[in-house]
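*Asks:* First the structure, which I've put down as structure tokens, then a few questions once you've had a look.
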Amino acid sequence: MKKTLTALCAILIAAPATANVPPAQPRPTLENQADMALANDGVAWDFVEGITTEVGQRQAGTEAEARGRAWAVQWLRANGFANVADEPYMMSTWVPGEPGRAEIVSPFPQSLAVAPLGDTASTGPEGITAEVVMFRNVAELVAAPEGSLKGKIAFVSNTMTPTQDGSQYGFAGPTRWVAAGIAAQKGALATVIKSVGTDDHRNPHTGGTTFPEGVTPTPAGALSNPDAANLERMFARAKGKPITMKLVLTPRFLGETQSGNVVGEIVGRNPSLPPVLLACHLDSWWLGTGAIDDGAGCAIIAAAASRVAKAGQPLRTIRVLFAGAEETGLWGSKAYSAAHIDEPIAVGLESDFGADRIWRFDSNFRETNPALHKKIAAAVARFGVSSGNDVATGGADINIVRDQKGALIDLQQDGTRYFDLHHTPDDTLDKIDIVQLRQNVAVWTQVVGILANEPAPILTGAPSPSAPPIM
Ligand code: ZN
Ligand code: ZN
């Protein structure tokens, strides 16, 4: 100890001229901010842990979603964002009612796990009892003669397998999106579907459904995958004898209620340049706590924006948009576009595919601005992210960028397990892998930092043609 003290004194005495100069800190750069996020980002976790704990489920248009917005406003202010606001809009609000019940009355009496689908009607508390007609997919349902489902319950099955890029959603999704409407047109009293999901838990996957213009919504619910498989086997064993189901679903429409879009900014050095827009959605279905869909997305974009700010004030403003209500009809995205369509956005990005790692980067300017595309590709390669050849289409919450025909980037996440959890009671915080969450923040920090410091227009020339998103 004595020796150490002596040595320390010797250093202090030997260097009096520099004793008051703090040791040189490495200049904060985008690269080291991204590296720090990868090593130990706590900001994204703080957001998603906080909102799932203090607010929980945030069904669109309800008082719970309003509490989520108030929570997010406070969080953004506390984390250094400027111009934080909750921009109100009105929406048509649907709530799920009592937990759904489905039971087979005959020939094999037993109960099945079911949850109502968004924007569907109530059976009334007494429920309805009717014969079930099975279709193996939407194409079979479409081929059913008009009127053939009068007084019956349609059961539409489907198969969904996991895919890294989530593309199976495009094939399996129509079962949820349109089957109830088609069955209603053919006279069905109600519809049940096999869940659009890849897990084998007894958890129904809810989600949005739409009825064609002029078709009165009917009751409709999702059966859990094991229960739907059980019902399929019943059809095989019943050998043509009728299968009767009692279905009790009691959702309600509350009419017009107020929702809102929460926004906040890292103000750039040149606020007259169009901003970089980062989006997610704050609402969730009622079954889980909205951790992966989409608390994680809001956490990732907010953490990345604040990391970029720590590397020095960016040239362009970075705006975060936490859309208030996405799940029941893109209300927030549409309202934001309507309110801000005349304010050009430089580029839009959205995070709404869970918290698992980013593996590919796509843009819609790969051919028109190859220098910038290549610069981003080179910067994210060290995180294991490859450059894709697909044309970025943007997420559901950045309608404004598509409406403006602007620049888009998709940071593709690994979706292999996303549809195990999507829209189920399993969408909870414990499903988030913090190591993969940090990789997201690191990649987002790197990409957003490059975009926010890009002086030239990002989209040069017309964007490549893009299809609307379906997530
Ligand atoms: Zn969702
Ligand atoms: Zn979502």
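*Asks:* Tell me the GluC sites (Glu not before Pro) within the range 99-140 that lie in a loop according to DSSP and have at most 11 other beta-carbon atoms within 10 Å. The partial results should precede the final answer.
*Replies:* Values: sites: Glu103, Glu126, Glu131, Glu140; in loops: Glu126.
Qualifying residues, ordered by number: Glu126.
*Asks:* What do you get when you divide the Cα radius of gyration of the range 17-168 by 2.2 N^0.38 Å, with N the number of residues? Please list the in-between numbers first.
*Replies:* On the way: Rg = 26.4 Å, N = 152, 2.2 N^0.38 = 14.8 Å.
After normalising by residue count via 2.2 N^0.38 Å, the value is 1.78.
*Asks:* Here's something else I'd like to know. Remind me, what semi-axes does the range 28-98 give for its equivalent ellipsoid, largest first in whole Å, using sqrt of 5 times each Cα gyration tensor eigenvalue?
*Replies:* Working: eigenvalues 188, 48, 20 Å².
They are 31, 15, 10 Å, listed largest first.
*Asks:* With 10 angstrom as the radius, rank Arg69, Arg233, Arg307, Arg176 by how many other C-beta atoms surround their C-beta, starting from the fewest.
*Replies:* Numbers: Arg69 22, Arg233 10, Arg307 26, Arg176 29.
The fewest-first ordering by Cβ neighbours comes to Arg233, Arg69, Arg307, Arg176.
*Asks:* Can you list the GluC sites (Glu not before Pro) in the range 167-267 that are in a DSSP coil and have 10 or fewer other beta carbons within 10 angstrom? Don't jump to the answer; show the numbers that get you there.
*Replies:* Details: sites: Glu213, Glu232, Glu256, Glu265; in loops: Glu213.
Those that pass, being in a loop and sparsely packed, are Glu213.
*Asks:* So how compact is the chain: Cα radius of gyration and Dmax in angstrom?
*Replies:* 25.5, 98
*Asks:* Quick check: residue separation of Ser386 and Ala338 times 0.36 nm, minus the Cα distance between them. What number comes out in nm? Don't jump to the answer; show the numbers that get you there.
*Replies:* On the way: separation 48, 0.36 × 48 = 17.28 nm, distance 3.47 nm.
Length difference between fully extended and current span is 13.8 nm.
*Asks:* Now for a different question. By a straight-distance test (C-alpha under 25 Å), which lysines pair with Lys375 as possible cross-link partners, with residues fewer than eight away in the same chain excluded?
*Replies:* In chain and number order, the partners are Lys310, Lys405.
*Asks:* Add +1 for every Lys or Arg and -1 for every Asp or Glu among the other residues with Cβ under 11 Å from the Cβ of Ser106, and state the total.
*Replies:* Working: positive: Lys241, Lys246; negative: Glu103, Glu131.
Charge balance in the 11 Å sphere: 0.
*Asks:* Take the residue pairs Lys186/Lys241; Lys186/Lys246; Lys150/Lys239; Lys152/Lys239 and return only those whose Cα atoms are more than 24 Å apart.
*Replies:* Details: Lys186/Lys241 22 Å; Lys186/Lys246 20 Å; Lys150/Lys239 22 Å; Lys152/Lys239 18 Å.
Beyond 24 Å between Cα atoms: no listed pair.
*Asks:* Ok, one more. Please express the Cα-Cα pair-distance distribution P(r) of the range 323-471 as a list of whole percents, one per 10 Å bin, running from 0 to the bin with the greatest distance.
*Replies:* 11, 39, 36, 13, 1
*Asks:* Can you put Ser122, Ser157 in order, fewest other beta carbons within 10 Å first?
*Replies:* On the way: Ser122 18, Ser157 21.
Sorted ascending by nearby Cβ count, the order is Ser122, Ser157.
*Asks:* How large is the helix-only mean residue ellipticity at 222 nm for the chain, computed as the sum of -39500 (n - 2.57) over DSSP H runs with n ≥ 4, divided by its residue count, in deg cm²/dmol to the nearest 500?
*Replies:* Details: 15 runs with 152 residues, N = 471.
Calculated mean residue ellipticity at 222 nm is -9500 deg cm²/dmol.
*Asks:* Over the range 101-251, with a single point scatterer placed on each C-alpha, what log10 of the ratio I(q)/I(0) does the Debye formula yield at q = 0.12, 0.14, 0.16 1/Å?
*Replies:* The calculated log intensity ratios at q = 0.12, 0.14, 0.16 Å⁻¹ are -0.43, -0.59, -0.78.
None of the figures in this text is laboratory data; all of them are computed from the coordinates on show. Treat the numbers as computed from the prediction; the structure is a model and nothing was measured. Quick reminder, even Gly has a Cβ in these numbers, built from the backbone with ideal geometry, and neighbours come from all protein chains shown.
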